[in-house]
Amino acid sequence: MTPSASSTPAAAPVTIGEAYPENRKRGRTLLIGTVLLVAYLFFSGYAVLTLRMTGDPLLLSRARWLAPMLVAVGVYLSLAQAIRSYAHGLLPRTPVPVDDAIAETVILRIGACFLIPLTFVALWVEDDRIHMALTGFVAVLIAGQVAFWAWLVHNFAGPAPGACRCKTRVD
């Protein structure tokens, strides 16, 4: 007699609140500090590094769409970290695989493996059409991130698992 697959109950996915209970204790201070620090470090470090690599002080005057492209990539990376920090600080019901997908897909695969090398290549191309296309592409990615963030808040906002869900009434 073979056991059926339906006889074994499936384990519930582990949430961020269960996997990282210390995040709830630190709360909003950790969230705000992390978002601001990571956004500043990603954007400023990325912009300075890319402009220093060229060694050309007049590059931004010749390639007018290069600066918006660099800003868009910095915003993309900063927004990805902000979404992850928000999920850790204020969305404890978010499943851990969703958090892993943010870290692996959004930050590493798209950001670090695709956008950053693409912008380093675009530094040596002074064609505004290429810079405009890349800026528009990154803007679409940013809009997708904002929509994903709204989906996260819509689906996983609420009290932590195991928290009291009763509403107290004060008269």
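Bear in mind these aren't lab numbers, they're just calculated from the coordinates by the rules spelled out. None of these values were measured; they are calculated from a predicted model.
Taking H placed 1.01 Å from N in the peptide plane, check which residues at least 5 places from THR15 or on another chain put their amide H under 5 Å from its amide H.
VAL96
Got a sec to turn the phi values of segment 137-154 into Karplus ³J(HN,Hα) couplings, 6.51 cos²θ - 1.76 cosθ + 1.60 with θ = phi - 60°, whole Hz, x for Gly and Pro?
Each residue's phi maps through the Karplus curve to give 5, 5, 5, 5, 4, 5, 4, x, 5, 5, 5, 5, 4, 4, 5, 4, 5, 5 Hz.
Given the alpha-carbon gyration tensor of segment 41-149, what are the semi-axes of its equivalent ellipsoid in whole angstrom, ordered largest first, with each equal to the square root of 5 times an eigenvalue?
Each semi-axis is √(5λ); the values are 29, 13, 11 Å.
Taking θ = phi - 60°, what integer Hz values does the Karplus form 6.51 cos²θ - 1.76 cosθ + 1.60 yield along segment 119-134, in sequence order, with x for Gly and Pro?
Along segment 119-134, the couplings run 6, 5, 5, 5, 5, 8, 9, 9, 9, 5, 5, 5, 5, 5, 5, 5 Hz.
In whole Hz and in residue order, list the ³J(HN,Hα) couplings for segment 77-82 that follow from phi through the Karplus curve 6.51 cos²θ - 1.76 cosθ + 1.60, θ = phi - 60°; x for Gly and Pro.
These are the phi-based 3J(HN,Hα) values: 5, 5, 5, 4, 5, 5 Hz.
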